Structures are given as structure tokens and as C-alpha cells.
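I have placed the structure first, in the form of C-alpha cells, so that the comments after it can refer back to it.
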Amino acid sequence: MRLPKSILLGGLCLTVAACADTRLARSGETPAPSAAELAAAEARARAAADALFTRLNAELIAALQEGGPRAAVNVCKVRAPAIAAEIETQGRVDIERTALKVRNPANAPSPWERETLAAFEARHAAGEAWQGMEARRVADGVLHWMRPIPMGGMCIACHGGDEVAPETAAAIAAAYPNDTARGFAVGQLRGGFSARVPLGR
């Protein structure tokens with residue numbers, strides 16, 4: 001009995017799809033994410049960066065008002081990692097801060113983060129505004145996303161040059177003996193938010 005052409009074509013499509021899935025499984029390749037998956041992952045990354053900035057900024061302002069720059073150093077050392085951990089749990093996204101010149105060696109950038117931070121500086125030097133600047137890539141089923149953190153006026157007390165008071169410098173040296181995050185001016189690139197979001201989950 002001859003089968004209808006539609007059934008034959010349908011069977012052929014299923015066979016081709018099955019072969020493609022088998023090749024992906026054997027090669028270890030991850031299927032490319034859809035536009036909707038990428039958009040959702042980017043939204044989660046932005047939300048995590050916004051939350052980290054808002055919460056950390058509020059605590060730094062309060063610390064500066066109550067105890068000055070030395071109190072702000074403690075917020076960065078103790079509260080920043082705790083806030084990031086809370087956001088990661090709530091949003092199912094890995095969020096952190098990194099920079100070309102870090103205060104804590106644990107925050108040193110990966111090769112891609114280092115390249116991206118350098119690219120941010122080049123884009124800004126070419127006339128692009130910090131606001132709205134982003135970078136992204138997909139690797140091994142994970143969206144890697146970054147946004148620059150420009151140097152603000154509030155941060156000059158701990159990350160500036162001559163503006164850093166001796167007592168503040170002493171507190172920084174005690175908390176971060178390997179600190180290199182000094183000598184910045186307002187408007188320069190201080191660092192970047194870096195997020196990793198699993199795709200398809």
C-alpha cells in the first residue's frame with residue numbers, strides 16, 4: 001500500500017530531526033538559544049545589576065553619612081558580597097562586580113571580562129555614553145553579560161588619588177592589602193557589573 005505523501009514527508013522530517021539531535025548529543029554542542037530566551041536572560045541580568053547597584057549604593061550612602069569613608073570600606077568588604085548572594089538566590093543569576101584595577105583579588109576579571117572592560121573604555125573614548133552600554137556573549141548554554149560602572153563622585157573618597165584621606169587609606173590597606181583600585185577620576189571607568197545567566201532554565 002502506498003502511503004500519502006504528507007505522511008512520508010512527516011516521517012522524513014522526524015528522522016532528520018532525530019539525526020540532528022543525535023549529532024548534537026554526540027558532539028556536546030548546545031542548541032542555539034531563541035531570541036525570546038536571550039531577551040529573558042538579558043532582562044534577568046539587567047534586573048540583578050540594577051538591584052545590586054541600588055542596594056549597595058543605599059548602604060554606602062548611609063555608611064558615609066554615619067561613619068565616613070572608613071565605614072564605607074566595611075560595607076564594600078562585608079555587605080557587597082552578601083547583597084550579591086541574596087540577589088543571585090532570588091533571581092537565579094550569578095552577579096558580581098569586576099574591574100581592570102581591583103581592590104579584592106577575588107574580583108579579578110576573566111579574559112572575556114578584561115577584554116570587555118577595555119572595549120568599554122575604547123567605546124567611551126570614541127564618544128559613546130556609559131549609560132546604555134552593554135556587552136554580551138553566549139557560551140556553553142550560558143549568557144555572559146556586562147555593563148560598565150563609571151566612577152561617581154561619592155566613590156572618590158575611597159578610589160581617588162590625593163582625595164583619599166590618610167585614615168581612609170589606612171582602613172583600605174588593612175581590609176585590602178593587595179588593593180590596586182586607586183587613582184580614579186570622576187567619569188572614568190571604575191569597573192563593570194558581570195552576570196551569568198543559564199539559558200533554557
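The values are calculated or read from the model by the stated rules, or taken from the named source; none is laboratory data. Computed from a predicted model, the values in this text were never measured in an experiment. Cβ coordinates were reconstructed from backbone atoms using ideal geometry, including for glycine residues, and neighbour counts include every protein chain displayed.
For the range 33-42, what are the residues that are in contact with a strand residue (DSSP E or B) (Cβ under 9 Å, 6 or more places away or on another chain) and free of Cβ contacts under 8 Å to residues at least 40 places away in the same chain?
The answer is Ala40, and nothing else.
How many residues does the range 31-53 contain that are more than 15 Å from the chain's Cα centre (by Cα) and either closer than 22 Å to Thr89 by Cβ or surrounded by 13 or more Cβ atoms within 10 Å (Cβ to Cβ) (or both)?
So the answer is 4.
Taking the criterion of being part of a loop (DSSP other than H, G, I, E, B), modelled with pLDDT under 95 and under 24 Å from the mean Cα position of the chain (by Cα), would at least one residue in the range 185-199 satisfy it?
Yes - at least one qualifying residue is present in the range 185-199.
Output the residues belonging to the range 74-123 that are crowded, with 19+ Cβ neighbours inside 10 Å, assigned to a loop (DSSP other than H, G, I, E, B) and without any contact (Cβ under 8 Å) to a residue 40 or more places away in the chain.
Scanning the range 74-123 gives no hits.
What are the residues in the range 91-148 that are under 25 Å from Leu199 (Cβ atoms) and small (Gly, Ala, Ser), if any?
Those that are under 25 Å from Leu199 (Cβ atoms) and small (Gly, Ala, Ser): Gly91, Ser110, Ala119, Gly132, Ala135, Ala139, Gly141.
Name the residue, out of Arg137, Arg147, that is at pLDDT 95 or above, in contact with a strand residue (DSSP E or B) (Cβ under 8 Å, 6 or more places away or on another chain), surrounded by fewer than 17 Cβ atoms within 10 Å (Cβ to Cβ) and not in a loop (DSSP other than H, G, I, E, B).
Exactly one of Arg137, Arg147 is at pLDDT 95 or above, in contact with a strand residue (DSSP E or B) (Cβ under 8 Å, 6 or more places away or on another chain), surrounded by fewer than 17 Cβ atoms within 10 Å (Cβ to Cβ) and not in a loop (DSSP other than H, G, I, E, B), namely Arg137.
From the list Gly68, Gly10, Gly28, pick out the single residue that is at pLDDT 85 or above, among the small types (Gly, Ala, Ser) and over 22 Å from the mean Cα position of the chain (by Cα).
That would be Gly68, the only listed residue that is at pLDDT 85 or above, among the small types (Gly, Ala, Ser) and over 22 Å from the mean Cα position of the chain (by Cα).
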